[in-house]
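Quick notes on the structure that follows.
The values are calculated or read from the model by the stated rules, or taken from the named source; none is laboratory data. None of the values given here were measured: they were computed from a predicted structure. Don't worry about glycine lacking a Cβ; one is built from the backbone with ideal geometry, like all the others, and counts go over all protein chains shown.
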Amino acid sequence: MWQYYYAGESHLVVELGSTIDLSINSDVHALAGALVALQPRGLREVVPSYRSLMISYDPLVITAPELRAICQGLMKSKAICRPHQREVLEIPVRYGGELGPDLDQVAEETSLTVEEVVAMHVRRAYAVYMIGFLPGFPYLGGLDPRLSLPRLKVPRTKVPAGSVAIAELQTGVYPLSSPGGWRIIGRTPLRFFNIAESPPSLLRPGQWVRFRSVSGDEYAEIADLVKANRFRPRVVLMDAEHA
């Protein structure tokens, strides 16, 4: 049962579930897409999260009860549907060493080899549940449970931009240099947030990503192309059931 909450006089929150779950998150993005496609009068913005959708609207044009009725109508009419295919963006990563200072510790604490940790991390496609914490920071769900570890007891005061990290059942990429407590296992040369770009965030909620392990030479080559604004990540379409 969906729940509706008011967030001030110009925001309505639709809560689609009570847990962090891929199926619920997929419904959040499906509702967001249906609203954007419908473009009801007064709609300003939709902001998806793990299990809820915040709808920003103009209260002088449309009311919260009217928006609620629209959401219920979309659900009943089955206008909310999940895509049969997913866009999967490939993220090159250099694992371990100075760029992944926690990789050895992750392997030790999970009773795996470093090679097994990397293989498990690149094997899966990850859903972009939401963007938050920092501009462009993607919360990526679907980490192999065998890699699940708690955050560091003492967070780092500075994590370099591009750091690829894991925490519990999620993985993510630090788009900017900042403090952080996730386990850093590698780094990507890609820019995950660039204010000069439109949109500034590399990823968007509802998208999917897959990591690819690269050598030091390939990492340096891609980094040079990124600096010259000549690199575009590879995007492939995958059947939803195989992503």
- prompt: Within region 172-181, is there a residue that is in the same structural domain as Gly141 (by TED's automatic domain parsing), surrounded by fewer than 21 Cβ atoms within 10 Å (Cβ to Cβ) and touching a Ser or Thr at 6+ places or on another chain (Cβ under 7 Å)?
  reply: yes
message: Take the residues in region 75-110 that are among the charged types (D, E, K, R) and at pLDDT below 95; name whichever of them is farthest from Gly162 (Cα to Cα).
response: Lys76
query: Within region 104-127, can one find any residue that is outside the structural domain of Gly33 (by TED's automatic domain parsing), touching a strand residue (DSSP E or B) at 6+ places or on another chain (Cβ under 9 Å) and within 30 Å of Tyr6 (Cα to Cα)?
result: yes
message: Condition (residue is in a helix (DSSP H, G or I), outside the structural domain of Phe133 (by TED's automatic domain parsing) and either among the hydrophobic types (A, V, I, L, M, F, W, C) or surrounded by 12 or more Cβ atoms within 10 Å (Cβ to Cβ) (or both)) applied to region 37-60: is it met by at least one residue?
response: yes
query: Exactly one of (1) outside any helix (DSSP H, G or I); (2) modelled with pLDDT under 95; (3) not basic (Lys, Arg) is unmet by Glu241. Its number?
result: (1)
statement: Checked region 90-117 for anything touching a Phe, Trp or Tyr at 6+ places or on another chain (Cβ under 9 Å) and surrounded by fewer than 19 Cβ atoms within 10 Å (Cβ to Cβ); matches are Glu90, Val114
